[in-house]
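Here the structure comes first, spelled out in structure tokens, and everything after it is commentary.
The values are calculated or read from the model by the stated rules, or taken from the named source; none is laboratory data. Small disclaimer: the values here were computed from a predicted structure and weren't measured. Ideal geometry is used to build each Cβ from the backbone, glycine not excepted, and the neighbour counts take in all protein chains shown. Ligands, DNA and RNA are stripped out before the accessible areas are found, and what is left, the full protein with its side chains, is counted by its heavy atoms. Shrake-Rupley method; radii C 1.70, N 1.55, O 1.52, S 1.80 Å.
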Amino acid sequence: MTDNSVFRRRPNHAPDTLARPDHWGKYAPCRRAPREIFFPEDFAGAEAVLVAEEAKGYCRQCPALDDCLAEALQRPERFGVWGGTTAPERRALLRRQREEAKRAEAQVVTEAA
């Protein structure tokens with residue numbers, strides 16, 4: 001009779017030994033900024049616009065701007081300043097992307113006919 005105890009203790013998956021890059025946000029300047037400036041929705045009127053512009057100032061100096069925006073669009077992130085854009089700006093961007101995709105699809109269908 002063989003001892004199968006060695007096999008019972010084995011994990012059912014391979015160990016994760018690959019080096020992984022740091023998440024893009026680990027070194028983002030916004031991590032050192034006051035959190036509330038990235039949520040202009042919490043302010044009213046002109047103050048909200050000023051707060052959003054202050055947040056965007058951090059975004060403009062960020063090397064991860066494109067990654068941040070891509071993630072915010074993918075989720076989609078409903079609140080706050082992400083990737084240098086406010087929530088309404090991201091909604092407009094997504095709307096334009098959908099419209100462009102529809103136009104491109106219609107053009108392909110027209111050309112195929």
- Using a basic spin-label model with each label point 7 Å from the Cα along Cα→Cβ, how many nm lie between Arg60 and Leu93? 1.6
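Quick check: residue separation of Ala112 and Asp42 times 0.36 nm, minus the Cα distance between them. What number comes out in nm?
Numbers: separation 70, 0.36 × 70 = 25.20 nm, distance 4.98 nm.
Roughly 20.2 nm would be gained on extension.
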- Using 7 Å Cα-to-Cβ label points, what is the Ala104/Arg31 separation (nm, one decimal)? 3.3
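Which order do you get for Val81, Val108 if you rank them by accessible area with a 1.4 Å probe, largest at the top? Before the final figure, lay out each step's value.
Values: Val81 10, Val108 95 Å².
So the residues, ranked largest to smallest area, are Val108, Val81.
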- Largest to smallest accessible area among Arg96, Arg103 [probe 1.4 Å]: Arg103, Arg96
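At a 1.4 Å probe radius, carbon and sulfur cover how many percent of the accessible area of the range 24-76? List each step's numbers first, then the result.
Numbers: 1930 of 3540 Å².
With neighbouring chains kept in place, the figure for the range 24-76 is 54 percent.
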- Note on the structure: By accessible area (1.4 Å), largest first, Glu111, Glu36 order as Glu111, Glu36
